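Below is one structure, written out as structure tokens; comments come after it.
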Amino acid sequence: MENSLLDRRTAPGAAVGEGLGEGGRESIVKARGLRKSYGKLRALDGVELNIATGSISGLIGPNGAGKTTALKALLGLIDVQGDLEVAGMDPRAARHRLMDEVCFIADVGILPGWMTSRQLLDHVEKVHFRFDRRRAEKLLSTTEIPADKRIRSLSKGMVTQLHLSVVMAIDASLLVLDEPTLGLDIMYRKTFYDRLLNDYYDGRRTIIISTHQVEEIEHLLTHLLFIDKGRIVLDQSLQAMAEHYVEVAVDPEQREAARRLGPMHSRELLGQLVCLYGGVARQQLEALGEVRTPAVADLFVARLTGEKGRQTEGNQNEN
Amino acid sequence: MKTEMTRFGALLRKEVREHRNLLWITPTVVSLLLLLIFFLLVLGPLQNLGHSALLWAGSLLGNPPLRSAVAVPLFAAMPFAPAIFLTSIIYLTVCLYQDRKDRSFLFWQSMPVSDWQAVMARAVTAVFVIPAVFAPFVLVCLLCPLLYLAPAMADAGTGFATGRALLLALDASVLFWCFTWLNGLLMLPVIGWFLLFSAYSKRVPFLWALGSIFLLALLEVWLLDSIWFVYWMNWTTRALVFGYRDVPATLFSYDMLVALILGGVLLAGAAFMRRFND
């Protein structure tokens, strides 16, 4: 199953060009110089994005980095400066038309609590012309969600399942997920992503996921976007990331040699030095110890602390 | 085949479902109160008025042409007018605000429904749907007393029949509904004003909406030494004074034109606020 899912995902690795996403595919999201401020706070500070059709992109960043603001901008929920095109439309001018093509699930339960799940299906069926009610009912039949109970009386896990079932029954080309499994227990989280991949993703649709729980989604992703202080600090396919970044568990006698090569980030783990390098030949690093592809979470920490380290150094030099 | 009308119909149905308590409880309470008052009177003091009272009622209801006689039940239905106004104001104050408060706003925004459609669905609910929900209650409240009195009035020799009671109640209910939505259209600026604050306020939208009216009036008096705004409010809310209206003449009047233009501007403001005020 895992292999067939991987096959369905976009072949990564190619450079990102104007109007084209990874692998030379058409971009479903094109953003140039997106800016948004709340008073003195710059939530988005010149965001550049090119997300290829059919990719599964992870938008990862610390709290307050601008993830939700960026996603809201893509959905046309806030006004931003800059050039923006999603599914061939400007979300700021045509949010409601865009919603024919785009679905999203937010970080909190946003389904109306006063409705029952049956009423919810009734409503969406009449309002969203690309909604397949039979498919939604089939998906819901695999859950324990009662049809005539008010949504406010369901558990958070059930509400998320219900929302996912509704979204999966809509024939949209882009799905945006903003911390969709926040507050769910591990069973629901696993089920959520399993259903997303097995029953929804077909290689044609594009998914953007923003989450803190990077470990849970890194096996799904074809593309990584790191955001910090309103800027995209990494925009790379998973394959390119695996080729560019290498983590080494350094042998004790190679510690000095490892430091001389200038790791992006290093840490002590059970008495062993672990270094993360970017753009250093793998063969050169193999002499230092055990070489492996870094986890996304480790790369994230390395990139962000590296950025902060460089900024601190820069400030000190200026002073 | 799904059309924009199907979509708009679903939006209206959603409004009725969401605010069902407000929309059903208010007319039920008003109806029960009115019927209680009537039967207390009939079984109490009116009972003793006897034959002459029935003759008087019969002369008002039984002999004149239906169109003249209908004024009596129409007058009896008047307590429903402020009830509809109050229900509409409460509904308009909470409808957009509640979406943001319970965060369902994000779900509604994920549907292919424009902010203009969403705001218009609320305005149509206030002008047409709420009076339509009240209409059967008005009918019952008129029908019960008329049917109760009909045999006695017939016995008193007034020529009043049960069939006429039915016709009067039905005619009065339809007229009442027409006048109510006509009033609603004339009060479109008020509807737009409350929707604007429902879409804008972070909290207590009713106080914001009402407070800003007073504030604007005071500012005008203080800064410009004029009371134009008070005149405007008076002009807008005079539609509240319920009375017989010539429906076509009111529909195509300058008052209606001004109300539609001002109301349209305020509704557009509410749609704009809804879009960018998360």
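If only residues of region A:61-91 that are buried (at least 18 other Cβ atoms within 10 Å of the Cβ) and of a type outside the set (A, V, I, L, M, F, W, C) are counted, the one that is farthest from the other protein chains (Cβ to nearest Cβ) is A:Gly61.
The single residue among A:Ser117, A:Ser37, A:Ser55 that is touching a strand residue (DSSP E or B) at 6+ places or on another chain (Cβ under 6 Å) and of a type in the set (Gly, Ala, Ser) turns out to be A:Ser55. Are there any pairs with C-beta distances below 8 angstrom linking a residue in region B:252-278 that is within 21 Å of A:Arg92 (Cα to Cα) to a residue that is outside any helix (DSSP H, G or I), with the two at least 6 apart or on different chains, and if so which? Pairs found: B:Ala271/B:Ser114; B:Phe276/A:Ile78; B:Phe276/A:Asp79; B:Asp278/A:Leu77; B:Asp278/A:Ile78. Can you pull out every residue in region B:77-105 that is surrounded by fewer than 20 Cβ atoms within 10 Å (Cβ to Cβ), modelled with pLDDT of 90 or more and within 13 Å of another protein chain (Cβ to nearest Cβ)? Correct list: B:Val94 only.
Screening B:Phe160 on (1) closer than 30 Å to A:Leu177 by Cα; (2) not in a helix (DSSP H, G or I) shows it passes everything except condition (1).
B:Ile261 meets the conditions (1) closer than 14 Å to B:Ile191 by Cα; (2) at pLDDT 85 or above; (3) surrounded by 14 or more Cβ atoms within 10 Å (Cβ to Cβ) in every case but one. The failed one is (3). Consider region B:1-19 and keep the residues that are farther than 14 Å from B:Ala123 by Cβ and among the acidic types (Asp, Glu). The one that is farthest from the chain's Cα centre (by Cα) is B:Glu4.
One line per residue, one yes/no per condition, for (1) assigned to a strand (DSSP E or B); (2) closer than 16 Å to A:Glu179 by Cα; (3) modelled with pLDDT under 90; (4) not assigned by TED's automatic domain parsing to the domain that holds A:Leu197:
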| residue | (1), (2), (3), (4) |
| --- | --- |
| A:Ile28 | yes, no, no, no |
| A:Ala31 | yes, no, no, no |
| A:Arg35 | yes, no, no, no |
| A:Val47 | yes, no, no, no |
| A:Ile51 | yes, no, no, no |
| A:Ser57 | yes, yes, no, no |
| A:Ala65 | no, yes, yes, no |
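Looking at B:Asp115, B:Asp155, just one residue is acidic (Asp, Glu) and more than 30 Å from A:Leu77 (Cβ to Cβ), and that residue is B:Asp155. Quick check on my filter: what residues within region B:202-228 are over 27 Å from the mean Cα position of the chain (by Cα) and aromatic (Phe, Trp, Tyr)? Residue satisfying the conditions is B:Trp222 alone.
Put simply, of A:Glu85, A:Glu144, A:Glu137 the only residue that is within 29 Å of B:Phe272 (Cα to Cα) and either outside the structural domain of A:Ile227 (by TED's automatic domain parsing) or touching a residue at least 12 places away in the same chain (Cβ under 8 Å) (or both) is A:Glu85.
Here's the yes/no breakdown for (1) within 14 Å of chain A (Cβ to nearest Cβ); (2) assigned to a helix (DSSP H, G or I); (3) over 26 Å from the mean Cα position of the chain (by Cα):
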{"position": "B:Phe107", "(1), (2), (3)": "yes, yes, yes"}
{"position": "B:Ala118", "(1), (2), (3)": "yes, yes, no"}
{"position": "B:Val129", "(1), (2), (3)": "no, yes, no"}
{"position": "B:Val133", "(1), (2), (3)": "no, yes, no"}
{"position": "B:Val138", "(1), (2), (3)": "no, yes, no"}
{"position": "B:Cys144", "(1), (2), (3)": "no, yes, no"}
{"position": "B:Ala165", "(1), (2), (3)": "no, yes, no"}
{"position": "B:Leu168", "(1), (2), (3)": "no, yes, no"}
{"position": "B:Leu175", "(1), (2), (3)": "no, yes, no"}
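If you go through region A:157-201 and pick out every residue that is of a type in the set (D, E, K, R) and either away from chain B (no Cβ under 13 Å) or farther than 20 Å from B:Trp108 by Cα (or both), you end up with 6. Being surrounded by fewer than 19 Cβ atoms within 10 Å (Cβ to Cβ), β-branched (Val, Ile, Thr), closer than 30 Å to B:Pro82 by Cβ and away from chain A (no Cβ under 14 Å) is a description that applies to B:Val124.
Looking for whichever is facing chain B (nearest Cβ under 7 Å), within 30 Å of A:Val233 (Cα to Cα) and out of contact with any Pro (no Cβ under 7 Å at 6 or more places or on another chain) here; the options are A:Phe104, A:Phe129. Which one fits? None of the other options fit; the residue is A:Phe104. Close contacts from region A:272-289, counting a first residue that is part of a loop (DSSP other than H, G, I, E, B) and a second that is hydrophobic (A, V, I, L, M, F, W, C), with Cβ to Cβ under 7 Å and a gap of 6+ residues or different chains, come to A:Val280/A:Val246; A:Val280/A:Leu261; A:Leu288/A:Val248; A:Leu288/A:Val250; A:Leu288/A:Ala257; A:Leu288/A:Ala258. Scanning region A:107-126 for residues being within 7 Å of chain B (Cβ to nearest Cβ) and small (Gly, Ala, Ser) gives a total of 1.
The values are calculated or read from the model by the stated rules, or taken from the named source; none is laboratory data. Keep in mind that this is a model prediction, so the values were computed, not measured. Glycine also receives a Cβ, built like all others from the backbone with ideal geometry; neighbour counts cover every protein chain displayed.
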